[in-house]
Number of protein chains: 2
Amino acid sequence: MIHFSINKNLFLQALNTTKRAISSKNAIPILSTVKIDVTNEGITLIGSNGQISIENFISQKNEDAGLLITSLGSILLEASFFINVVSSLPDVTLDFKEIEQNQIVLTSGKSEITLKGKDSEQYPRIQEISASTPLILETKLLKKIINETAFAASTQESRPILTGVHFVLSQHKELKTVATDSHRLSQKKLTLEKNSDDFDVVIPSRSLREFSAVFTDDIETVEIFFANNQILFRSENISFYTRLLEGNYPDTDRLIPTDFNTTITFNVVNLRQSMERARLLSSATQNGTVKLEIKDGVVSAHVHSPEVGKVNEEIDTDQVTGEDLTISFNPTYLIDSLKALNSEKVTISFISAVRPFTLVPADTDEDFMQLITPVRTN
Amino acid sequence: MIHFSINKNLFLQALNTTKRAISSKNAIPILSTVKIDVTNEGITLIGSNGQISIENFISQKNEDAGLLITSLGSILLEASFFINVVSSLPDVTLDFKEIEQNQIVLTSGKSEITLKGKDSEQYPRIQEISASTPLILETKLLKKIINETAFAASTQESRPILTGVHFVLSQHKELKTVATDSHRLSQKKLTLEKNSDDFDVVIPSRSLREFSAVFTDDIETVEIFFANNQILFRSENISFYTRLLEGNYPDTDRLIPTDFNTTITFNVVNLRQSMERARLLSSATQNGTVKLEIKDGVVSAHVHSPEVGKVNEEIDTDQVTGEDLTISFNPTYLIDSLKALNSEKVTISFISAVRPFTLVPADTDEDFMQLITPVRTN
């Protein structure tokens, strides 16, 4: 029969982090609960949606938690509702006491709230990942890689493998991260500081976005453990499990061109704003494209919607080299690409009107490359 | 054929204000457009949803507008789309030119956007209100009255008159404002500084909420003109028309009790937080009520949901006088009431468990009274 008292705000924060793995609309009703596990060491909050699982540990030793554990046990509570109740409590501390089997009383100030829980035995077991030597990455760096690639993954389930991001470590320190939805591709390469065991995994892009939300910037490093069909990201207090996607990721290296006929360097903000104007009108056209015209060193964007109107504008450039070209594409792909860039300038390189073009940052030496497929128009 | 240039941000702000009267889902398609009227004096932007109409005037003399009018005319443009286009323009000024009948070109920086408009003759005429002596009110005061009453109006169309707020001026300066949905009532009375013609109108609460959004706090006073079935709120640049509700507003004076058996003074914030906790659980009960118990000078709140759990808490009070009482009601009504109060303390007065109770601010001498009907429980 659980009994503990804790700082309300810290408890609430931990609950909200755990909640990111919990969907209130899960097909398996028990997964809408949070599991609260109280041991002598502290409290573990567990949430899962079947794909992602989060374990959040509040240590007895954490002074901010003001944790006083009187009696141990486990219980399941409806996550959303329980969080609302905790956040409504009047005092800075709360007392959590199981008064009879699966029934708890929260006391805070003069308020006393009794809630019905469920038997913790009903909760599915999270598959343990056997401790091996983890890969250790800076949280910031991993979140940056995710931000640069995950957006390019597919959101369509027609080719499930493309909804993931391909992470490959080779030669013990060469990390390649790539995502594509077959219309555009984003690839980041970097050399790790320390040697590590090679791996080749496809992580669901949705899990990676949750990872970025859960691992806040104050968590300096993250340990990464691999198992057959799972990956575990672990910090001091948080264990974040996600299933991996099964199947072979397509060979993307052969898609990346190396010789170009036209190369332009743009200011990222200018180009993005220009594409946002173009998109306002292109979304009212049949093929949804903007036409980029490179002629005598001048670059201009054009959209013509018979119903709504036209955009014609010259885009400022830093440098234009190579052949004249007219190419059409979906401006949303270019806007997404530019958003993922952390640089002020971008270099875009073209082969022809029907071949994919590449984007690379123009003012950093990072190995970050994006690819966008044009649309054939008449 | 219109031609003018203008400061983009000021134009955008005026468009967004006018947009508040425009619904993109209007059953009359022409009402999804904004009408732009260019005269020698300036530009008028007009929007309407059939209930509310807004005319927003940008004067030639307004220096912030940087308005340069070269040629006059009228045109209709799809409001949402036009606003998106204007806000995407790159430069601080924009040039608006009609190039052929109902086709305009916006030029800003190196961007040139051509848009198709519609013939302004298609736009319905807004009924003029003949100038008479207006009632003049401080904008702040009128918005305060709206905030204190409009929330209590009904949102159900079963008794349309109750979806409005009843404004009555009698004896040339006694203003009474009242709204009720038949479960709760809110009434504000005040004495105007200047004499004015008496009136008795019912204004849709939805229109009043829009009024509060449109008339920002920098507009000091508002002139109010009455016509048969319309009312006009006017400031220097904005004319806000709304239809009135037809029919007789019920006599609410007879509902307001004057003798009470129990009176309690609470801290508003404490009581509201207590009711918010109660509501978390009461919303999972059959009748959705909280039970307030007054016994020997101690006030406590109780909810019991057989499925979810219980709340029991003592509520701090400043003063309790009169008889013991147990009364049940919907906590949402009390929460709404407390939100409408601008005071730190509230006095709640009861007659019995089955008669409406009143709320008045305890630390101001404003004539502001709210009424909530209890729910009979067993």
**Estimated dipole of the range B:255-370 in Debye, rounded to 20 [Cβ of Lys and Arg +1, of Asp and Glu -1, Cα centre]** = 500 debye
**Relative contact order (%) - the range A:194-249, alpha-carbon pairs under 8 angstrom, separation at least six** = 34 percent
**Prompt:** Hey, what do the phi angles of the range B:21-26 turn into as Karplus ³J(HN,Hα) couplings, whole Hz, using 6.51/-1.76/1.60 and θ = phi - 60°, x for Gly and Pro?
**Reply:** 8, 9, 10, 6, 10, 5
**Prompt:** Which residues of the range A:80-121 end up with at least 50 Å² less accessible area in the presence of all protein chains than when their chain stands alone, using a 1.4 Å probe?
**Reply:** A:Phe81, A:Ser88, A:Lys110, A:Glu112, A:Thr114, A:Lys116
**Prompt:** When the Karplus curve 6.51 cos²θ - 1.76 cosθ + 1.60 is applied with θ = phi - 60°, which whole-Hz ³J(HN,Hα) does each residue of the range B:51-64 get, with x for Gly and Pro?
**Reply:** 9, 10, 10, 10, 10, 10, 9, 10, 7, 3, 7, 5, 5, 5
**Asked** For chain B, with only Lys/Arg (+1) and Asp/Glu (-1) charged at the beta-carbon, what is the dipole magnitude about the Cα centre, in debye rounded to 20?
**Response** 940 debye
**Item:** Partners for A:Lys8 among aspartates and glutamates (Cα-Cα distance below 12 Å; same-chain residues under 8 apart left out)
**Value:** A:Asp64, A:Asp91, A:Asp95
**Asked** Tell me, what are the semi-axes, in whole angstrom and largest first, of the equivalent ellipsoid of the range A:224-294 as set by the roots of 5 times the Cα gyration tensor eigenvalues?
**Response** 40, 20, 16
**Request:** Work out the length of the dipole vector of the range B:133-251 about its Cα centre, built from +1 on the beta-carbon of each Lys and Arg and -1 on the beta-carbon of each Asp and Glu, and round it to the nearest 20 debye.
**Result:** 300 debye
**Complete:** Interface buried area B-A, accessible surface with 1.4 Å probe, both sides summed, nearest 100 Å², comes to 2400 Å²
**Item:** Convex hull of Cα atoms in chain A, direction-averaged projection (nm²)
**Value:** 22.6 nm²
**Asked** Across the range B:339-350, in residue order, what do the Karplus-derived ³J(HN,Hα) couplings come to in whole Hz, using 6.51 cos²θ - 1.76 cosθ + 1.60 with θ = phi - 60° and x for Gly and Pro?
**Response** 5, 7, 7, 9, 10, 7, 10, 10, 10, 10, 10, 10
**Asked** What span do the alpha-carbon atoms of the range B:103-235 cover on each of the three principal axes, reported in whole Å from largest to smallest?
**Response** 59, 36, 29
**Prompt:** Ignoring ligands, DNA and RNA, what percent of the 1.4 Å accessible area of the range A:133-251 is carbon and sulfur?
**Reply:** 43 percent
**Item:** Exam field: A:Ile28 pseudo-label spacings to other copies (7 Å along Cα-Cβ), nanometres
**Value:** 5.6
**Asked** In nm, one decimal, shortest first: how far is the label point of A:Ala213 (7 Å from Cα along Cα to beta carbon) from the matching points in the other copies?
**Response** 2.7
**Request:** Go through A:Ile264, A:Ala227, B:Ile315 and say which Cα lies farthest out towards the positive end of the charge dipole of the protein assembly as shown; charges sit on Cβ, +1 for Lys and Arg, -1 for Asp and Glu.
**Result:** A:Ala227
**Item:** Distance (nanometres) between label positions extended 7 Å along Cα→Cβ at A:Ala213 and B:Ala27
**Value:** 4.0 nm
**Item:** Pair-distance profile P(r), taking every C-alpha pair of the range A:255-370, with 10 angstrom steps and integer %
**Value:** 14, 48, 33, 5, 0
**Prompt:** To one decimal in nm, how far is A:Ser120 from the same spot in the other copies, if labels go 7 Å from Cα toward Cβ? Please give the shortest first.
**Reply:** 7.3
**Prompt:** Ignoring ligands, DNA and RNA, what percent of the 1.4 Å accessible area of the range A:1-120 is carbon and sulfur?
**Reply:** 46 percent
**Asked** Counting only protein heavy atoms and using a 1.4 Å probe, what share of the accessible area of the range B:255-370 belongs to carbon plus sulfur, as a whole percent?
**Response** 42 percent
**Message:** How high is the relative contact order of chain A? Use alpha-carbon pairs under 8 Å, at least six apart in sequence, and give a whole percent.
**Reply:** 12 percent
**Request:** Report the residue, chosen from A:Gln187, A:Gln122, A:Gln60, that carries the largest GNM mean-square fluctuation when chain A is represented by alpha-carbon nodes joined by springs under 10 Å.
**Result:** A:Gln122
**Request:** Among the lysines, select those whose C-alpha is under 27 Å from the C-alpha of B:Lys143, and discard any that sit fewer than 8 residues away in the same chain.
**Result:** B:Lys19, B:Lys173, B:Lys176, B:Lys188, B:Lys189, B:Lys194, B:Lys339, B:Lys345
**Prompt:** Semi-axes of the protein assembly as shown's equivalent ellipsoid from the Cα gyration tensor, sqrt of 5 times each eigenvalue, largest first, rounded to whole Å?
**Reply:** 52, 47, 18
**Message:** Starting from the 7 Å offset along Cα-to-Cβ, what nm value, one decimal, do you get for the label separation of A:Leu72 and B:Ala284?
**Reply:** 2.9 nm
**Fill in**
Mean accessible area per residue over the protein assembly as shown (1.4 angstrom probe, all protein chains present, square angstrom) is 47 Å²
**Message:** How shielded is A:275-285 by partner chains, expressed as the average number of their Cβ atoms within 10 Å of its Cβ atoms?
**Reply:** 3
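The values are calculated or read from the model by the stated rules, or taken from the named source; none is laboratory data. The structure displayed is predicted, hence computed values, not measured ones. Quick reminder, even Gly has a Cβ in these numbers, built from the backbone with ideal geometry, and neighbours come from all protein chains shown. Note: areas computed on protein heavy atoms with side chains; ligands, DNA, RNA excluded. Shrake-Rupley method; radii C 1.70, N 1.55, O 1.52, S 1.80 Å.
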